[in-house]
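These notes are about the structure you will find just below.
The values are calculated or read from the model by the stated rules, or taken from the named source; none is laboratory data. This one's a predicted model, so the numbers in the text were calculated from it and none came from an experiment. Positions of Cβ are backbone-derived with ideal geometry, glycine not excepted, and every protein chain shown enters the neighbour counts. Protein only, heavy atoms only, side chains kept; ligands, DNA and RNA dropped before computing areas. Shrake-Rupley method; radii C 1.70, N 1.55, O 1.52, S 1.80 Å.
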Amino acid sequence: MRALVYGLARSGRSSAEQLEKRGDEVVLVDRTLGNEDDLTLLDGVDAVVKSPGVPGEAPLVAEARRRGIDVWSEVELGFRLLPGTRFVGVTGTNGKTTTTELLGAIFRAAGRDVAVAGNVGTPLTSLEPVEWVVCELSSFQLEDVHELACDVAVLLNLEPDHLDRHGSFDAYRGAKLRIFERARAKIVPAGSGLDGIEFSSADELPAEPLLRGAHNRENAAAATSAARAAGISDEEIATGLRTFAGVAHRLELVGERDGVRFVNDSKATNVAAARRALAAYADEPVHLIAGGSGKNEDFAPLAAALGGNVRSIHLIGDEAERLASALPGSHVDAELAAAVTHAAELAEAGDVILLSPACASFDQFDNFEARGDAFRELVGALH
C-alpha cells in the first residue's frame, strides 16, 4: 500500500512508523516540510492518514476525497493494526480523559490485559497487541473512521465545542455520534434521547469515587456502566473507583501557600468544562483565572455560573477582552504569570485559586498541558 500521512505530530509520526514497519510506502506531508499544497503527492496513493489537527477542508484532503482516495484518521489505522483486540471507546465534550483513565484503572483492577490510548496522548497506532484497549476519541478523530467498531461505546455529554473547526453544533454532534457506528453496547447519558444503556450522576455505584464534583460522579457512573458491559464485576469496579485519583490538568491540586490552594484545571478548554469546575468549588472562596484562544463560544453561560463565592476573576490571552465584556469587574492581567501573582495577592487562607480557562491554549502555549505545567511552575515560584 502507498499511504500519505498528513501531519507529523505525535500520532502522525506513530502512523508513519507503523506503516513503514509493515512494508508500506509512506509519503510524509506537514507544514514544516512545506509540501501541504503539492497535490501531485496524491498520485498513486491508496489512503490518506490524517492527523487530528488537519482540517477536512485542507486542499490535499479535499482533493483526496475528490479522487475517491480513502481518508482515515489515525485511530482508524490503529484499529486496523490491532485485529482481535476488543475496544472501549469514550467520547463527549468533557470528561473524556478522566473517564478513559478511570476505565483503565478498573480494567487493571480486574486483571485485564488493557492499554489506554487515543486522545489521552498515546497514539493508538503505537500499541502492541493487547486484549482490551480503552480509547479516548475526539470529534476530530471520529470524523474519518470507516471500520472502527467499539465493543463498548460511551458518550459522556454533548455541549457546544470546537465550533471554529466544525462550523456548527450539528456537525460537531454528528462527528461525536459516529462512535456508535458498528458498536455492540452503547452507553449514553440519561435523558439524551439516544438508544443505549443510560447513566447519570444519581446512579448507585459499587463505591464512591475519590474525584471531586458532581460531574466526576457522572463520569464514574459512565465508567461503571461501560465496565459492566465489558463483563467486569462490581467488586472489581469498586476497587478501581476507590483507588483512582484523577488526571493531570483536571482539577489537579498543584500547591498550597499560606492556606491558599492552587488548582490546575487547564484541560477546561471550553465554557462547559469551566462551569463544572466552578460547581465543584461552589462552597469555597474562588479566584478564577480564565482566558486563552477562542473557539467562537458564547461566554454568557460562564457569567451565569459565577456564584457569590467567586472573589476575583483574572483574564489572560486573546479572549481576555471579550471575556471582560461578559464578566464585569474582572481583571485583564493578559499573561498567566501576572494573573497568578495578582490572584495570590488577593487570596486569603482558605481560598482557592482556580485555573479553569474556558478557552483553548494556542495563543500563548503549545497545548493545555504546557499551560498547566506553566501554572504549576508559577505556583512553585511564589514567595
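Among the candidates E74, E20, E25, which residue alone is open to solvent by less than 10 Å² (accessible area, probe 1.4 Å) and more than 24 Å from A229 (Cβ to Cβ)?
Checking each option against the conditions leaves just E74.
Just one of V134, V116 is open to solvent by less than 20 Å² (accessible area, probe 1.4 Å), of a type outside the set (F, W, Y) and outside any loop (DSSP other than H, G, I, E, B); which is it?
V134
Go over the candidates L177, L102 one by one and state the one that is part of a helix (DSSP H, G or I) and open to solvent by 10 Å² or more (accessible area, probe 1.4 Å).
L177
Within region 263-370, considering only strands (runs of 3 or more DSSP E) that don't extend past its boundaries, which have at least 1 residues that are modelled with pLDDT under 95?
none
Output the residue which, of all residues in region 28-57 that are out of contact with any Phe, Trp or Tyr (no Cβ under 9 Å at 6 or more places or on another chain) and hydrophobic (A, V, I, L, M, F, W, C), is surrounded by the fewest Cβ atoms within 10 Å (Cβ to Cβ).
Among them, the one singled out is L33.
If G84 passes every condition in (1) closer than 30 Å to A226 by Cα; (2) assigned to a helix (DSSP H, G or I); (3) out of contact with any Ser or Thr (no Cβ under 9 Å at 6 or more places or on another chain); (4) among the small types (G, A, S) but one, which one does it miss?
(2)
Looking at region 180-205, which of its residues are open to solvent by 30 Å² or more (accessible area, probe 1.4 Å), within 25 Å of F244 (Cα to Cα), within 23 Å of the chain's Cα centre (by Cα) and hydrophobic (A, V, I, L, M, F, W, C)?
Once the filter is applied, which keeps residues that are open to solvent by 30 Å² or more (accessible area, probe 1.4 Å), within 25 Å of F244 (Cα to Cα), within 23 Å of the chain's Cα centre (by Cα) and hydrophobic (A, V, I, L, M, F, W, C), region 180-205 yields A190, I197.
Could you list, in sequence order, all residues of region 119-131 that are buried (at least 21 other Cβ atoms within 10 Å of the Cβ) and either farther than 17 Å from F79 by Cβ or modelled with pLDDT of 95 or more (or both)?
P123, L124, T125 - these are the residues of region 119-131 that are buried (at least 21 other Cβ atoms within 10 Å of the Cβ) and either farther than 17 Å from F79 by Cβ or modelled with pLDDT of 95 or more (or both).
Select from region 206-216 the residues that are more than 13 Å from A279 (Cα to Cα) and either surrounded by 18 or more Cβ atoms within 10 Å (Cβ to Cβ) or touching a His at 6+ places or on another chain (Cβ under 9 Å) (or both) and list them in ascending order.
Within region 206-216, P206, P209, L211 meet the criteria.
I'd like to know if region 208-228 contains one or more residues that are farther than 28 Å from D265 by Cβ and modelled with pLDDT of 95 or more.
There is at least one residue in region 208-228 that is farther than 28 Å from D265 by Cβ and modelled with pLDDT of 95 or more.
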